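Peer 1: Take this structure first; my questions come after.
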Amino acid sequence: MGKFSFEHRFEIDTLKRLIAQHQELFRHQSLAELYFRGEKLSVTAIELGQQQQSCPTVLFVGGVHGVERIGAQVILAFLDSLLNRLPWDTHLQQLLKHVRLAFVPVVNPAGFLRGSRGNANNVDLMRNAPIDSDEDVTFLVGGQRISPRLPWYRGKNGMELETQALVKYVQQLQQESSSVIVLDAHSGFGLLDHVWFPHAHTRQPFNDIGYIYHLMQLFEKGYPHHGHYRLAPQSHFYRTHGDIWDYLVASNTTKKPFIPLTLEMGSWAWVRKNPRQLLSFPGYFNPQKNHRHQRILRRHVVLMQFLVDAAYAQIVEQIKPTQLSQLTHQANRFWSKKSK
Ligand SMILES: [Zn+2]
């Protein structure tokens with residue numbers, strides 16, 4: 001304790017506080033134990049809702065990159081809101097009889113304490129899964145094995161403990177669920193909020209793209225004033241090696257829908273308004289003015305609640321094979337036009 005500044009501990013401590021305050025409302029488990037500079041850290045998963053029967057699951061992930069603290073904060077704020085609503089919100093209580101909500105808010109706790117994108121070995125967990133691109137990847141950013149001193153290091157000894165823990169947990173959810181939707185929250189450069197879906201390692205279209213197209217249509221119709229997301233395959237922007245979600249798509253043998261979405265919240269807007277952030281690398285990816293912080297914490301609630309409601313309505317499960325092939329066709333046309 002006290003070895004790291006309060007600021008760097010904030011998300012880890014918030015997660016501990018939520019567990020201490022509300023543990024009668026959920027199940028929690030440690031997916032991996034890590035030792036960093038003499039301190040025991042864990043990769044913690046929290047689950048609410050149905051656990052006996054196969055049901056739709058929505059998984060919220062944050063903190064894969066230790067400098068992108070706002071991603072973990074958005075996930076923790078949504079979890080906190082659900083836990084505070086649960087005692088009185090009969091709609092939510094009913095929903096949780098039929099849906100599993102899972103949270104891994106801080107995948108990379110050592111990265112948070114170090115203030116680094118990578119983990120304690122400086123491995124970039126989102127470049128660390130055993131999947132390679134055979135197309136041109138962006139130099140360094142796409143993942144490199146030159147040196148752990150450079151960013152986007154893929155690691156040399158297979159999957160890191162944190163990567164293994166997340167992969168194993170998601171594979172277990174794939175087995176136990178009728179569908180799995182994931183929202184993995186990051187922050188990065190740019191003015192826009194992007195939502196990426198596979199693939200990251202290839203331009204080849206993702207098999208479950210029809211489900212994503214359908215969810216996009218429902219979201220746009222249901223929430224026409226929340227259209228600030230740019231939704232596209234990640235490979236339209238840049239290609240990478242070692243993407244965890246691509247690996248979990250490729251290794252999914254269940255034939256059940258698996259829909260991983262990566263929310264990449266735009267940060268340049270804040271940098272432009274608050275150039276002081278350029279001086280602090282972690283600040284790059286985190287809004288520092290309080291009103292902006294509040295705004296970003298509420299900005300994505302509608303999307304997160306939509307995914308939960310779509311799971312409860314079994315939107316994905318109810319799509320018939322003929323409808324799915326039509327949707328897949330439309331989706332491929334839509335995104336191939338966009339990429340030109
Ligand atoms: Zn990230």
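The values are calculated or read from the model by the stated rules, or taken from the named source; none is laboratory data. A quick note: this is a predicted structure, and the numbers were derived from the prediction, not measured. Virtual Cβ from ideal backbone geometry, glycine too; neighbours counted across all protein chains shown. Please note that ligands, DNA and RNA were not included when accessible areas were found on the heavy atoms of the full protein model with its side chains. Shrake-Rupley method; radii C 1.70, N 1.55, O 1.52, S 1.80 Å.
Peer 1: What does the charge dipole of the chain about its Cα centre add up to, to the nearest 20 debye, if the Cβ of each Lys and Arg holds +1 and the Cβ of each Asp and Glu holds -1? Before the final figure, lay out each step's value.
Peer 2: Numbers: 38 positive and 27 negative charges, 173 e Å.
Roughly 840 debye for the chain.
Peer 1: Could you tell me which of Leu92, Tyr169, Ser81 has its Cα farthest along the dipole of the range 80-203 towards the positive end, charges placed at Cβ (Lys, Arg +1; Asp, Glu -1), taken about the Cα centre?
Peer 2: It is Tyr169.
Peer 1: Related question: Give the relative contact order (percent, whole number) for the range 153-242; include only Cα pairs under 8 Å separated by 6+ residues. It would help to have the intermediate numbers written out before the result.
Peer 2: On the way: 53 pairs, mean separation 32.8, N = 90.
Relative contact order, the range 153-242: 36 percent.
Peer 1: Arrange the peptides 291-304, 27-40 so that the one whose residues have, on average, the most other Cβ atoms within 10 Å appears first.
Peer 2: Details: 291-304: 15.8, 27-40: 13.3.
By packing density, highest mean first, the sequence is 291-304, 27-40.
Peer 1: For the range 36-98, what relative contact order do you get, as a whole percent, if you take Cα pairs closer than 8 Å and at least 6 residues apart?
Peer 2: Details: 23 pairs, mean separation 25.7, N = 63.
The value is 41 percent.
Peer 1: If ligands, DNA and RNA are left out, what is the accessible area of Thr57 with a 1.4 Å probe, given in Å² to the nearest 10?
Peer 2: Here the residue's solvent-accessible area equals roughly 0 Å².
Peer 1: Under the Kirkwood approximation for Rh and a Cα-based Rg, what ratio Rg/Rh is obtained for the range 86-131? Can you show the working numbers first?
Peer 2: On the way: Rg = 17.3 Å, Rh = 13.5 Å.
Using Cα coordinates only, the ratio equals 1.28.
Peer 1: Sequence-distant or interchain residues sharing an amide H contact under 5 Å with Arg230, placed H: which?
Peer 2: Counting only residues 5 or more places away or on other chains, the set is Asp193, His194, Val195.
Peer 1: What is the Cα radius of gyration of the chain over 2.2 N^0.38 Å, N being its residue count? Walk me through the numbers on the way to the answer.
Peer 2: Working: Rg = 19.1 Å, N = 340, 2.2 N^0.38 = 20.2 Å.
That ratio works out to 0.95.
Peer 1: Measuring from label point to label point, each 7 Å out along Cα→Cβ, what is the Ile19 to Gln217 span in nm?
Peer 2: Modelled inter-label distance: 4.3 nm.
Peer 1: Next up: When ligands, DNA and RNA are left out and all protein chains stay put, how many square angstrom of accessible area per residue does the chain have with a 1.4 Å probe? List each step's numbers first, then the result.
Peer 2: Values: 15400 Å² over 340 residues.
Result: 45 Å² per residue.
Peer 1: Probe radius 1.4 Å, ligands and nucleic acids ignored: give me the carbon and sulfur share of the accessible area of the chain as a rounded percent.
Peer 2: Numbers: 8180 of 15400 Å².
Roughly 53 percent of what the probe reaches on the chain is carbon or sulfur.
Peer 1: Then there is this: Nothing charged except the Cβ atoms of Lys and Arg (+1) and of Asp and Glu (-1): what's the magnitude of the dipole of the range 89-177 about its Cα centre? Round to the nearest 20 debye.
Peer 2: 340
Peer 1: List the aspartates and glutamates whose alpha-carbon lies under 18 Å from that of Lys256, not counting same-chain residues fewer than 8 positions away?
Peer 2: The reachable aspartates and glutamates, counting only those whose Cα sits under 18 Å from Lys256, are Glu176, Asp208, Asp246, Glu317.
Peer 1: Which helices count as membrane-span-like in the chain under these terms: full DSSP H, at least 15 Å along the axis by C-alpha, Kyte-Doolittle mean of 0.5 or more? If you can, show how the numbers build up before the last one.
Peer 2: Working: long enough: 6-22 (23 Å, -0.59); 69-85 (24 Å, 0.83); 161-176 (23 Å, -0.55); 209-222 (20 Å, 0.27); 301-312 (16 Å, 1.68); 321-338 (25 Å, -1.27).
Counting only whole DSSP H runs, the qualifying helices are 69-85, 301-312.
Peer 1: Further question: Where the centre of each part is set by its Cα atoms, how far does the range 76-124 sit from the range 287-340, in angstrom?
Peer 2: 19
Peer 1: Principal axes first, then extents: for the Cα atoms of the range 78-167, list largest minus smallest coordinate on each axis, whole Å, largest first.
Peer 2: 54, 31, 21
Peer 1: In the chain, with Lys and Arg counted as +1 and Asp and Glu as -1 at Cβ, which of these residues, Asn119, Gln21, His293, has the Cα nearest the positive end of the dipole, that is, farthest along it?
Peer 2: Sorting the options by dipole projection puts first His293.
Peer 1: Identify, among Ile46, Val61, Gly71, the residue whose Cα sits farthest towards the positive end of the charge dipole of the range 1-108, taking +1 on the Cβ of Lys and Arg and -1 on the Cβ of Asp and Glu, with the dipole about the Cα centre.
Peer 2: Ile46
Peer 1: Please identify the trypsin sites (Lys or Arg not before Pro) of the range 78-136 that satisfy two criteria: DSSP loop assignment and at most 13 other Cβ atoms within 10 Å. Which are they?
Peer 2: Values: sites: Arg85, Lys97, Arg100, Arg114, Arg117, Arg127; in loops: Lys97, Arg117.
When the trypsin sites (Lys or Arg not before Pro) of the range 78-136 are filtered for loop state and at most 13 Cβ neighbours within 10 Å, Lys97 remain.
Peer 1: Once you keep just the Cα pairs under 8 angstrom separated by 6 or more residues, what percentage relative contact order results for the chain?
Peer 2: Working: 633 pairs, mean separation 70.3, N = 340.
This gives 21 percent for the chain.
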